[in-house]
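FYI, it's all coordinate maths here, none of it is from the lab. Being a predicted model, the structure only gives us computed values, none of them experimental. Note that we place each Cβ from the backbone using ideal geometry, even for glycine, and neighbour counts take in every protein chain shown.
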Amino acid sequence: MEPHFESHGVTADIKQAVKRSETPASTTIIAGPCSVESETQIIATAQALAKIPQVTMLRGGIWKPRTRPGAFEGRGEEGLVWLREAKRVSGLPTATEVATPDHVELALKYDVDALWIGARTVVNPFSVQQLADALQGVDVPVYVKNPVSPDLKLWIGAFERFQKAGITRLAAIHRGFSYYKESPYRNYPMWEIPIELTHQLDVPLITDVSHICGNRELLQAVAQKALDLATDGLMIECHINPDEALTDAQQQITPEALKSLLASLTFRSKQSGKVERDLAGLRSEIDDIDSELLQLLARRMEVSAQIGEYKKLNNVAVVQMDRWKKILDDHVSAGAEMGLSPILINKVFEAIHQESIERQSRIMGND
Ligand code: PEP
Ligand code: MN
């Protein structure tokens with residue numbers, strides 16, 4: 001990923017920042033609070049982060065998209081004054097989220113070095129287009145987070161809008177996806193999506209481990225996984241006093257904890273990482289499919305059991321051979337159209353059917 005990061009003409013600020021780094025030269029570490037809350041908070045956090053050599057950039061949210069109204073929505077313009085001061089005292093380049101053309105104008109007015117587009121904004125092509133129009137002819141790095149929903153085309157579409165507006169220094173931020181199933185993550189990583197993005201677009205990939213995890217406990221494992229998949233950078237939320245944070249308190253860590261976290265990570269060579277990334281993308285897709293298969297099987301057995309109860313109440317035989325033969329024939333022809341062999345279809349559905357019969361027999365007391 002090194003030449004590739006280079007070929008995208010990463011800003012002088014980032015290059016300079018990367019030089020500070022003791023991690024492999026191409027690994028960007030963006031750290032800082034979820035939200036800029038006060039002048040003392042951002043300055044103390046920035047100064048502590050600047051002492052960690054691997055940290056290359058300071059993040060700080062100025063406008064916060066909140067799920068429900070009434071929560072802390074960011075400090076706005078006064079926060080930008082503090083962020084600029086934090087940059088001056090720490091020497092770290094800064095990044096913030098912009099969601100409207102007004103945000104863009106203000107962020108640039110206060111010398112923010114890089115802008116990111118949040119996951120809730122990327123889902124809306126109208127908003128992305130407005131931002132692209134506002135950035136027309138402005139030479140600033142833009143980092144595009146994945147949309148909240150697992151929609152690769154929507155993510156790519158956002159890049160295309162910024163590319164058309166002449167933005168050349170683009171990077172992707174992977175922050176995980178909303179997912180309808182229970183999971184240990186706040187946002188399910190679905191690694192195969194950012195990996196596929198890097199196959200289709202030549203942009204560096206930064207992994208926002210904080211928003212994937214949603215808690216501190218998972219950060220180390222997810223950050224290591226991202227590095228094993230040859231990520232070009234990590235975004236990690238850091239707060240001088242995380243428990244008091246006005247947003248995302250459970251996932252923020254102190255600068256000191258960040259230092260230990262970074263020391264615990266293995267930064268691999270980018271080349272071995274690339275092969276790993278491709279393989280892992282496919283493996284992760286298989287894992288997701290297998291997990292869906294398992295859930296489908298469980299659901300199928302539940303429905304079978306309900307049928308068993310119904311048959312018991314109405315005194316109907318467990319096995320109705322004619323119906324089953326017809327179903328199997330239909331599956332074999334549907335499978336053939338999808339390139340699946342009759343042997344596979346027969347084996348899989350016979351096994352499923354057998355299990356269903358056994359369950360129904362138990363329910364009906366025929367054992
Ligand atoms: C953030 O970075 O604090 C944030 C709001 O992120 P996302 O858009 O990924 O939810
Ligand atoms: Mn946050």
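Give the range of the longest stretch in the chain that excludes all trypsin sites (Lys or Arg not before Pro) found in loop regions by DSSP and having at most 13 other beta-carbon atoms within 10 Å. Could the numbers behind the result be given before it?
Working: sites that count: Lys51, Arg66, Lys181.
Longest run free of exposed loop sites: 182-367.
Anyone know which of His353, His174, His103 comes out most mobile in the 10 Å Cα GNM of the chain?
His353
Would you look at the GNM of the chain, springs on alpha carbons closer than 10 Å, and say which of Ile307, Ile195, Ile212 moves the most?
Of Ile307, Ile195, Ile212, the Gaussian network model singles out Ile307 as fluctuating most.
I want the antiparallel fraction of DSSP beta bridges within region 97-235, as a percent rounded to 5. List each step's numbers first, then the result.
Numbers: 1 of 15 bridges.
Restricted to region 97-235, the bridges split so that about 5 percent are antiparallel.
State whether region 279-364 is rounded, prolate or oblate according to the following rule on the C-alpha gyration tensor (a ≥ b ≥ c being the square roots of its eigenvalues): a/c under 1.5 gives rounded; otherwise a/b larger than b/c gives prolate, and the remaining case gives oblate.
Verdict is oblate for region 279-364.
Rounded, prolate or oblate: which fits region 35-96, taking a ≥ b ≥ c as square roots of the Cα gyration tensor eigenvalues, rounded meaning a/c under 1.5, else prolate when a/b beats b/c? Present the calculation step by step, with values, prior to reporting the outcome.
Values: a/c = 2.48, a/b = 1.97, b/c = 1.26.
Note, shape of region 35-96 comes out prolate.
What FRET efficiency do you get for Trp324 and Leu279 if R0 is 35 Å and r is their Cβ-Cβ distance, rounded to the nearest 0.05?
0.30
Be a star and scan region 179-204 for residues whose amide nitrogen sits under 18 Å from the point 7 Å along the Cα-to-Cβ vector of Ser291.
Hits in region 179-204 for Ser291 at 18 Å: 179-196.
Determine the distance separating the Cα centre of region 158-223 from the Cα centre of region 315-341; give it in Å without decimals.
41
Considering the dipole of region 279-364 built from charges on the beta carbon (Lys and Arg +1, Asp and Glu -1) around the Cα centre, which of Gln320, His331, Leu297 is farthest to its positive end?
Farthest along the dipole direction, towards plus: Gln320.
Please compute the contact order of region 151-248 in relative form: average sequence separation of alpha-carbon pairs under 8 Å and at least six residues apart, divided by the residue count, as a percent.
About 25 percent, as a whole number.
Express the C-alpha Rg of region 243-302 as a ratio against the empirical globular expectation 2.2 N^0.38 Å, rounded to two decimals.
Against the compact-globule rule of thumb, the ratio is 1.83.
Among the listed pairs Lys181/Lys270; Lys64/Lys145; Lys326/Lys347; Lys181/Lys347; Lys87/Lys109; Lys87/Lys270, which are separated by more than 22 Å between their Cα atoms?
Where the Cα-Cα span goes over 22 Å, the pairs concerned are Lys181/Lys270; Lys181/Lys347; Lys87/Lys270.
For region 255-367, what relative contact order do you get, as a whole percent, if you take Cα pairs closer than 8 Å and at least 6 residues apart?
Relative contact order of region 255-367: 32 percent.
Which whole-Hz ³J(HN,Hα) couplings does region 207-223 yield from phi under the Karplus relation 6.51 cos²θ - 1.76 cosθ + 1.60, θ = phi - 60°, glycine and proline marked x?
Using θ = phi - 60°, the values come out as 9, 8, 5, 4, 6, 5, 6, x, 8, 6, 4, 7, 3, 4, 5, 6, 5 Hz.
Out of the DSSP beta bridges found with both residues in region 4-268, what percent are antiparallel (nearest 5)?
Here the antiparallel bridges make up roughly 5 percent for region 4-268.
Any idea what the relative contact order of the chain is, in percent, if you count C-alpha pairs under 8 Å spaced at least 6 apart?
Relative contact order here is 14 percent.
Compute the helix-to-body angle for 125-135: its Cα long axis versus the longest principal axis of the chain, expressed 0 to 90° and rounded to tens.
20
Answer rounded, prolate or oblate for region 4-268, using the Cα gyration tensor with square roots of eigenvalues a ≥ b ≥ c: rounded when a/c is under 1.5, else prolate when a/b is larger than b/c, else oblate.
Rounded is the answer for region 4-268, as its axis ratio a/c remains below 1.5.
Using the crude model of +1 on Lys and Arg Cβ and -1 on Asp and Glu Cβ, and no other charge, please compute the dipole size for the chain relative to its Cα centre, in debye to 20.
It comes to approximately 140 debye.
Please sort 36-47, 241-252 by packing, taking for each peptide the average over its residues of neighbouring beta carbons within 10 angstrom, highest first.
36-47, 241-252
Over 10 Å intervals from 0, what percent of Cα-Cα pairs in region 103-202 sits in each interval?
15, 48, 27, 8, 0
Straight-line reach only, C-alpha to C-alpha below 18 angstrom: list the aspartates and glutamates that Lys274 could link to, leaving out same-chain residues fewer than 8 apart.
Answer for Lys274, where 18 Å is the Cα cut-off: Glu2, Glu6, Glu192, Glu196, Asp202, Asp228, Asp232, Glu285, listed by chain and number.
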